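This report refers to the structure that appears directly beneath it.
The values are calculated or read from the model by the stated rules, or taken from the named source; none is laboratory data. It should be emphasised that the depicted structure is a prediction, and the values quoted were computed from it without experimental measurement. Cβ atoms come from the backbone with ideal geometry, glycine included; neighbour counts cover every protein chain shown. The accessibility values were calculated without ligands, DNA or RNA, using every heavy atom of the protein model including side chains. Shrake-Rupley method; radii C 1.70, N 1.55, O 1.52, S 1.80 Å.
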Amino acid sequence: MASQPEPLAITAARVVTPGGVLQNATLVTDGERILGVTQNEPPSGVTHLLFEDATLLPGFIDLHVHGGGGWRVGVDTDLLNRPDADPDPLVNMSRFMASTGVTGFQPTLSTASKEEMLATVTSVARLVGQDLPGADVLGTHLEGPYLNVARKGAQREEFIRPPDREEFLEVWQASRGTARYVTLAPELQGAAEFTEWLTGLGVFVSAGHTDARAEDMERAYAAGLQGVTHLFNAMRGLHHREPGAAGWALAHGRVWVELISDGVHVHPTAMRLALR
């Protein structure tokens, strides 16, 4: 019989809450759920952890991650061949992601062959909803293969192809409905209809690796587009006569955008613009 989780109180110099950042506050749990946050003395009779110069905040959710800790998403994922490693690289990724503060993630597959797509979504599907040693696996993000070669970036050109409903349905079925996020180029022929169909399956559709104009983005949004993948990177940039994918996303206000905020992929000034 599994032991019951013990109540826990965690005090930190800063605690991030929906209402703001509290100084010298305590998070109180019953071992499974958060009961509240207080700036009073922690309750008696519970295990108390004290972090005098730390920030306590909710776990991150990473919706676009190709690997980490020496592991990557795809068929040939065991890069290190560690003798003590778990045989499933995604389980090792789960451990690594948790060490960085991530509590849930979507393994992301770059543009690949149909065979690699099928193998990857099958591997991911086996772990969705399972009790893993680290971060939860939330489903697969397929970054491609339905992208624009002109904006391919680091994607493998030989695998980029037009939207294919029959192919994706096979992938979707292999994933048991856990292929939940697709990045595509909305200006491709048939992409708007494909987006509408994906949305009907419950897939989150995001624009990326795209040369789309603002009118292409608007058409895709009407069909169900909900996000933009790594804003500014691998897409038509902002011009005052043609806003492009980036300008459309900045002005729209109802779509979600990713931003690679490492200070290399996007200039800090562009990051401030996006935040505003």
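At-a-glance table
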read-out: Residue match in segment 4-25 (condition: open to solvent by 30 Å² or more (accessible area, probe 1.4 Å), within 30 Å of Thr140 (Cα to Cα) and in contact with a strand residue (DSSP E or B) (Cβ under 6 Å, 6 or more places away or on another chain)); value: yes
read-out: Answer residue from segment 219-269, given it is part of a helix (DSSP H, G or I) and over 20 Å from Thr183 (Cβ atoms) and is least open to solvent (accessible area, probe 1.4 Å) among those; value: Pro268
read-out: Among residues of segment 26-58, those that are open to solvent by 90 Å² or more (accessible area, probe 1.4 Å), closer than 20 Å to Asp136 by Cβ, modelled with pLDDT of 90 or more and not in a strand (DSSP E or B), counted; value: 1
read-out: Flag if Asp62 is open to solvent by 40 Å² or more (accessible area, probe 1.4 Å), part of a strand (DSSP E or B) and closer than 23 Å to Val137 by Cα; value: yes
read-out: Candidates Leu188, Leu184, Leu147 - the one that is in contact with a Pro (Cβ under 9 Å, 6 or more places away or on another chain), buried (at least 24 other Cβ atoms within 10 Å of the Cβ) and either of a type outside the set (Asp, Glu) or at positive phi (or both); value: Leu184
read-out: Filter pass, Thr199 being outside any strand (DSSP E or B), modelled with pLDDT of 95 or more and open to solvent by less than 10 Å² (accessible area, probe 1.4 Å); value: no
read-out: Filtered residues of segment 124-182 (kept if over 22 Å from Arg213 (Cβ atoms) and of a type in the set (Val, Ile, Thr)); value: Val124, Val128, Val137, Thr140, Val171, Thr178
read-out: Single residue of segment 137-194 satisfying the filter (under 20 Å from the mean Cα position of the chain (by Cα) and among the β-branched types (Val, Ile, Thr)) that is farthest from Leu90 (Cα to Cα); value: Thr183
read-out: Hits in segment 160-170 (condition: in contact with a Ser or Thr (Cβ under 9 Å, 6 or more places away or on another chain) and either surrounded by 17 or more Cβ atoms within 10 Å (Cβ to Cβ) or modelled with pLDDT under 95 (or both)); value: Ile160, Pro163
read-out: Any hit, segment 121-139, residues being of a type in the set (A, V, I, L, M, F, W, C), in contact with a strand residue (DSSP E or B) (Cβ under 9 Å, 6 or more places away or on another chain) and open to solvent by 40 Å² or more (accessible area, probe 1.4 Å); value: yes
read-out: Condition broken by Ile61, with the remaining ones in (1) modelled with pLDDT of 95 or more; (2) of a type in the set (A, V, I, L, M); (3) out of contact with any strand residue (DSSP E or B) (no Cβ under 6 Å at 6 or more places or on another chain) satisfied; value: (3)
